[in-house]
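Here the structure comes first, spelled out in structure tokens, and everything after it is commentary.
The values are calculated or read from the model by the stated rules, or taken from the named source; none is laboratory data. As the structure is a prediction and not an experimental result, all values here were calculated from the model. Glycine gets a Cβ as well: all are built from the backbone with ideal geometry, and neighbour counts include every protein chain shown. In case anyone asks, the SASA skips ligands and DNA or RNA and just uses the protein heavy atoms, side chains included. Shrake-Rupley method; radii C 1.70, N 1.55, O 1.52, S 1.80 Å.
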Amino acid sequence: MSEFWSPAVHELTPYVPGEQPRERLIKLNTNENPYPPAPGVETALREFPADHLRLYPDPESRALREALAREFGVEVEQVFVGNGSDEVLALAFQAFFCHGQPLQMPAITYSFYPVYCQLYGIERQALALDDQWRIDLDAFDGNGSGVIFANPNAPTAHGHSQADIARLLRRVTERVVLVDEAYVDFGGESAIPLVADYPNLLVTGTFSKSRSLAGLRLGYALGSRELIEGLERVKDSFNSYPIDSLASALAIASLEDREHFDACRERIITTRERTRQRLAALGFEVLPSQANFVLVRHPEHDAAQLFVGLRERGILVRHFNTEALRDFLRISIGTDDEMDSLIEVFELLCR
Ligand SMILES: *Cc1c(COP(=O)(O)O)cnc(C)c1O
């Protein structure tokens, strides 16, 4: 607390990201990708002329937006980029959800959404998941400032089909529906094709997870021209150059290697299913996952104690100390070797 702070700063409860440990641990706590980015990214990094850093980058990030437009089959005016999808989300909250009405979101979802609500003074209407930990899309009626959810959802890992989301969009037409697809490349179904038909649909994505570039900080949004223009108005009132020229060059190199991208995500999906079976054999309840993590609980072992036991043996996972999630651990999918080590420790702890 400080008398120098603006009054509202005293009231903020900032988002707490997963720990980035200093010691060498098997790191399964922040859903990073265990595989390196595409080889072309390293080449582009080595060949990047340092002299380019003398100049400001392109404020419109035209080259990167064109590459994304090609990747997703949309017009360049339908693409927005930001310094991580967290930044894109923050700008979207300001651009679309400040209508003096509550924002509808699942009761359990990405915990940054309530933080942005607080930052912008937006009320939140939290809608219960169904009895299988799935988002109940029918609960969103659009009678608020908008709708936001992650698909697949975090940290529950369930994803809805494109047809389910189309059904929601036929009902909710007056406000923006924001679908956060941070994990869609691990077996989910993207809503991007629906952007052509629904001017109020905004889909966000990130290079952090499926493209192994969490350290680069790059996210994007796809939507109608009017939504993208709204985002640009807020962005240009905040920071003209959120994407540095190096990040842009490396992200374009990543988009050019479809083969590497597919190989990595297929490996993660295979490891996930193998891990699911082995955890189930140890007595864990493992929620079905279309993401690069699994949410698990054990009927006989306390999640907080398991977290500590794993940590003492060099493995870091995520434990959320909230009422709804206290019994669960969220475990990111690493390499097969890393998951073997995890299972070995669980065999010890769950005996
Ligand atoms: C990881 C994550 C993000 C943020 O990704 P960045 O692009 O790294 O900022 C957004 N939404 C969800 C649901 C995530 O899990």
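Numbers below:
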read-out: Residue match in region 300-309 (condition: free of Cβ contacts under 8 Å to residues at least 60 places away in the same chain, over 18 Å from the mean Cα position of the chain (by Cα) and closer than 20 Å to Thr109 by Cβ); value: yes
read-out: Count of residues meeting criterion [of a type outside the set (S, T, N, Q), open to solvent by less than 20 Å² (accessible area, probe 1.4 Å) and more than 18 Å from the chain's Cα centre (by Cα)] in region 208-229; value: 2
read-out: 2 or more residues more than 23 Å from Thr204 (Cα to Cα): qualifying helices (runs of 4 or more DSSP H) within region 227-328; value: 258-281, 303-312
read-out: Hey, Ser85 in contact with a strand residue (DSSP E or B) (Cβ under 8 Å, 6 or more places away or on another chain) and either away from the ligand (no atom under 13 Å from the Cβ) or touching a residue at least 24 places away in the same chain (Cβ under 8 Å) (or both) or not; value: yes
read-out: Test: residue in region 99-115 that is at pLDDT below 95 and in a loop (DSSP other than H, G, I, E, B); value: yes
read-out: Residue ID - surrounded by the fewest Cβ atoms within 10 Å (Cβ to Cβ), chosen from residues in region 34-78 that are β-branched (Val, Ile, Thr) and part of a helix (DSSP H, G or I); value: Thr43
read-out: Test: residue in region 166-179 that is within 19 Å of Ala69 (Cα to Cα) and part of a strand (DSSP E or B); value: yes
read-out: Some residue of region 153-165 being more than 30 Å from Glu11 (Cα to Cα), without any contact (Cβ under 8 Å) to a residue 60 or more places away in the chain, within 16 Å of the ligand (Cβ to nearest atom) and within 17 Å of the chain's Cα centre (by Cα); value: yes
read-out: For Ala150: the one exception among (1) surrounded by fewer than 20 Cβ atoms within 10 Å (Cβ to Cβ); (2) within 21 Å of Ala90 (Cβ to Cβ); (3) among the aliphatic types (A, V, I, L, M); value: (1)
read-out: Pick from region 116-138, criterion open to solvent by 30 Å² or more (accessible area, probe 1.4 Å) and outside any loop (DSSP other than H, G, I, E, B), ranking: farthest from the ligand (Cβ to nearest atom); value: Asp138
read-out: Total residues in region 50-82, condition of a type outside the set (D, E, K, R), more than 16 Å from the ligand (Cβ to nearest atom) and within 19 Å of Tyr241 (Cα to Cα); value: 11
read-out: Flag for Ala303 being farther than 21 Å from Ala150 by Cα, open to solvent by 10 Å² or more (accessible area, probe 1.4 Å) and aliphatic (A, V, I, L, M); value: no
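Okay, residues lined up against (1) open to solvent by 10 Å² or more (accessible area, probe 1.4 Å); (2) modelled with pLDDT under 95:
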{"site": "Leu246", "(1), (2)": "yes, no"}
{"site": "Arg258", "(1), (2)": "yes, no"}
{"site": "Cys264", "(1), (2)": "no, no"}
{"site": "Leu282", "(1), (2)": "yes, no"}
{"site": "Glu323", "(1), (2)": "yes, yes"}
{"site": "Leu342", "(1), (2)": "no, no"}
